Amino acid sequence: MKKLYLFILTIALSIFVVSCSDIELSLDQTDYTDQIEALAESIDQAVPAVINANFSLPIYEDYEIEYKFNDEMFTNEFIYESPFYDRDATLEYTIKRGKTELSFSSDFRHLSLESGYNATKIYLTLPVPLGQVGKEEYVQANVRVETRKNGVGIIEHETIAAQLRGRGNSTWFLSDKKPYRLRFDENTSILGMPKAKNYVLLAEYADKSLMRNVITQKMVSLMENLPYSLEVRFVELYVNEEYRGVYVLTEQVEVHKNKFTIESIPGEVNTGYFFEMDQRFYDQNITPGWDWIVVRDIPYEIKEPDPDDLGFTSTHATYLKAYIESVENALIAKSNYNNLINLNNWIEHFIVHEFVKNVDVGWSSVFMYKEKDGPLQYGPLWDFDLAYGNADYIDYGPEGFYGMRQYKNRMFKLMMDILEVRLLYREAYNNFYFDVLPELLEMIPVLSESISEMAHRNFLKWDIMNSYVWPNPAEVLAQKTHAGQVQYVVSYMNLRAEWMLNEINDQAFYYGDFGD
């Protein structure tokens with residue numbers, strides 16, 4: 001009983017103390033305007049002029065401070081989230097003491113993760129000259145990543161536990177500015193990208209805008225039914241202290257627990273599958289039936305389950321081939337395909353390919369996946385440096401349908417032969433035109449401006465602006481500046497978007513007439 005009495009007394013005293021404090025505060029009629037304005041000045045100076053990372057927010061004893069940005073409240077730390085592109089922004093804050101309460105704001109530049117103003121440089125030190133790095137064998141690499149966080153230069157990552165090798169097909173032989181695979185010995189996150197061992201450094205040599213792959217991944221990030229867009233970062237690369245130009249650092253396309261993930265178990269047949277349509281099969285002496293399958297002359301390489309795993313057998317190839325055949329048969333019969341494929345995913349995937357006139361829509365780098373008991377889906381999208389009117393060996397102009405041809409992408413042709421699909425494609429494209437494209441077109445000049453100085457250094461190193469680089473069309477060759485190259489991409493997108501809008505909403509499209 002005595003303990004209960006003491007407990008009640010303690011609570012009562014606590015309530016009394018709090019009440020007295022509240023009364024004291026409410027009775028504090030002091031005007032703190034001068035003190036609060038002085039604090040606001042110091043807060044304003046503490047807010048970086050450029051923000052691309054978390055930072056501590058000032059707090060002061062005896063003052064209540066509430067920070068607000070984009071309708072989110074902060075107390076002692078600003079939590080950075082990347083905007084879609086760089087933009088001017090404002091941090092609002094309210095300072096209160098006693099009866100005095102004043103509101104203020106601090107302006108800053110909010111940088112995206114892709115912005116060139118992050119001023120990222122990657123330094124690689126190799127034990128051999130760069131010219132001795134090949135596509136097959138890795139060489140050890142020391143890596144140092146320097147960037148700017150909230151306007152201050154830092155070493156973001158440094159390690160000797162990494163390796164480098166070449167990658168790519170035509171891009172590997174195109175020039176001395178080559179693409180590379182960078183591999184860390186353990187899962188590593190750099191520049192805010194998902195923790196993984198494998199990264200890719202894209203040279204973008206034939207893409208004189210340097211932006212086509214980045215634009216495409218940003219486009220994908222705005223699409224509702226394309227669940228995974230690859231992270232991309234503009235960097236300047238140095239190898240053995242030699243400047244190598246502007247590269248796009250991005251993810252390796254792979255199944256990984258920290259990024260694009262599906263459950264794939266080699267010991268099970270009904271499991272997750274990840275595979276690539278790749279016509280280069282016919283250039284190699286490969287027998288299908290293990291990690292390669294061929295369905296009506298279209299070759300696919302199985303990447304997951306891992307064909308090198310002891311649990312992998314030819315049964316996996318048989319299972320996947322049968323499933324793809326069932327999809328094709330359903331599309332040909334124009335029935336039951338909805339139970340086999342994610343139709344909305346297919347439509348948005350091909351909207352991207354068709355809109356940018358990707359040369360590889362029916363050739364290679366077309367990835368597909370199927371989760372256990374799930375439908376067949378497309379993604380991630382990859383390899384768009386020769387899109388947006390940058391390949392003189394195809395019908396590259398902004399007019400004309402491209403992908404829905406038997407000799408381009410068979411699956412695309414089969415699905416577009418179905419009226420229901422065409423109507424859904426029309427609706428999805430109209431949504432893309434009115435909802436996705438405007439934001440994308442607003443982003444491009446801002447992103448282009450952010451890399452303009454980097455681009456200038458790149459083209460001093462690689463003096464190609466006045467030279468033909470395979471497969472640049474005449475219209476690309478006519479642009480003599482980086483700004484002109486970017487404007488060509490923007491003009492192409494606008495012309496292509498208008499042409500597709502008119503054609504897709506025309507009666508001929510309804511009846512499946514693609515102008516063959």
Practice problem: Hey, could you check the range 255-288 for residues that are polar (S, T, N, Q) and free of Cβ contacts under 8 Å to residues at least 24 places away in the same chain and say which is surrounded by the most Cβ atoms within 10 Å (Cβ to Cβ)? | Solution: THR261
Quiz item: Among all residue pairs at least 6 apart or on different chains, which show Cβ distances below 7 Å where the first residue, located in the range 481-502, is crowded, with 17+ Cβ neighbours inside 10 Å and the second is modelled with pLDDT under 95?
Solution: none
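Here is a list: PHE78, PHE69. Which entry is under 13 Å from ASN150 (Cα atoms) and in the same structural domain as GLN45 (by TED's automatic domain parsing)? Even if it seems obvious, please write down each step before you answer.
Details: PHE69 fails: under 13 Å from ASN150 (Cα atoms).
None of the other options fit; the residue is PHE78.
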Quiz item: Can you find a residue in the range 49-67 that is out of contact with any Gly (no Cβ under 7 Å at 6 or more places or on another chain), among the aromatic types (Phe, Trp, Tyr) and at pLDDT below 95?
Solution: no
Quiz item: When you go through (1) outside the structural domain of GLU348 (by TED's automatic domain parsing); (2) modelled with pLDDT of 95 or more one by one for PRO266, which number turns out not to apply?
Solution: (2)
Quiz prompt | Count of residues meeting criterion [under 17 Å from ARG212 (Cβ atoms) and surrounded by fewer than 17 Cβ atoms within 10 Å (Cβ to Cβ)] in the range 401-448 | solution = 3
Quiz item: Would you say TYR117 is farther than 22 Å from MET193 by Cβ and crowded, with 19+ Cβ neighbours inside 10 Å?
Solution: no
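With respect to SER112, is the statement that it is under 24 Å from the mean Cα position of the chain (by Cα), part of a loop (DSSP other than H, G, I, E, B) and buried (at least 18 other Cβ atoms within 10 Å of the Cβ) true?
Numbers: under 24 Å from the mean Cα position of the chain (by Cα): yes; part of a loop (DSSP other than H, G, I, E, B): yes; buried (at least 18 other Cβ atoms within 10 Å of the Cβ): yes.
Considered against the rule, which asks whether it is under 24 Å from the mean Cα position of the chain (by Cα), part of a loop (DSSP other than H, G, I, E, B) and buried (at least 18 other Cβ atoms within 10 Å of the Cβ), SER112 comes out as yes.
From the set of residues in the range 37-81 that are part of a loop (DSSP other than H, G, I, E, B) and touching a residue at least 60 places away in the same chain (Cβ under 8 Å), which is surrounded by the most Cβ atoms within 10 Å (Cβ to Cβ)?
Initially, the range 37-81 is screened for residues part of a loop (DSSP other than H, G, I, E, B), giving 47-49, 52-54, 57-63, 70-71, 75-76, 79-81.
Cutting the leftovers down to touching a residue at least 60 places away in the same chain (Cβ under 8 Å) gives us 47-49, 52-53.
Details: VAL47: 20, PRO48: 18, ALA49: 10, ASN52: 23, ALA53: 20.
Here the answer is ASN52.
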Quiz item: Hey, ASN285 hits all of (1) part of a strand (DSSP E or B); (2) modelled with pLDDT under 95 but one; which does it fall short on?
Solution: (1)
Exercise. Confirm whether TRP363 is at pLDDT below 95 and either in the same structural domain as GLU420 (by TED's automatic domain parsing) or in contact with a Leu (Cβ under 6 Å, 6 or more places away or on another chain) (or both).
Key: yes
Self-check item: Lone unmet requirement of (1) more than 30 Å from ILE444 (Cβ to Cβ); (2) in contact with a Pro (Cβ under 9 Å, 6 or more places away or on another chain); (3) assigned by TED's automatic domain parsing to the domain that holds GLU186 for ASN150
Solution: (1)
Quiz item: Any residue in the range 159-181 that is surrounded by 17 or more Cβ atoms within 10 Å (Cβ to Cβ) and within 27 Å of PHE108 (Cβ to Cβ)?
Solution: no
Self-check item: Test result for GLY151, in contact with a helix residue (DSSP H, G or I) (Cβ under 9 Å, 6 or more places away or on another chain) and either surrounded by fewer than 18 Cβ atoms within 10 Å (Cβ to Cβ) or touching a residue at least 12 places away in the same chain (Cβ under 8 Å) (or both)
Solution: no
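Considering only the range 363-375, I want to know if a residue exists there that is touching a Phe, Trp or Tyr at 6+ places or on another chain (Cβ under 7 Å), part of a loop (DSSP other than H, G, I, E, B) and crowded, with 20+ Cβ neighbours inside 10 Å.
Within the range 363-375, none of the residues are touching a Phe, Trp or Tyr at 6+ places or on another chain (Cβ under 7 Å), part of a loop (DSSP other than H, G, I, E, B) and crowded, with 20+ Cβ neighbours inside 10 Å.
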Exercise. Return the pairs, sorted by first residue and then second, in which the second residue is among the acidic types (Asp, Glu), the first residue lies in the range 121-133 and is under 11 Å from TYR180 (Cβ atoms), the beta carbons are less than 9 Å apart, and the residues are 6+ apart or on different chains.
Key: ILE122/GLU146; ILE122/GLU236; LEU130/ASP176; LEU130/GLU242
Quiz item: Given the conditions (1) surrounded by fewer than 17 Cβ atoms within 10 Å (Cβ to Cβ); (2) small (Gly, Ala, Ser); (3) in a loop (DSSP other than H, G, I, E, B), and given that ALA89 satisfies all but one, which numbered condition is not satisfied?
Solution: (3)
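The values are calculated or read from the model by the stated rules, or taken from the named source; none is laboratory data. Computed from a predicted structure; not experimentally measured. Quick reminder, even Gly has a Cβ in these numbers, built from the backbone with ideal geometry, and neighbours come from all protein chains shown.
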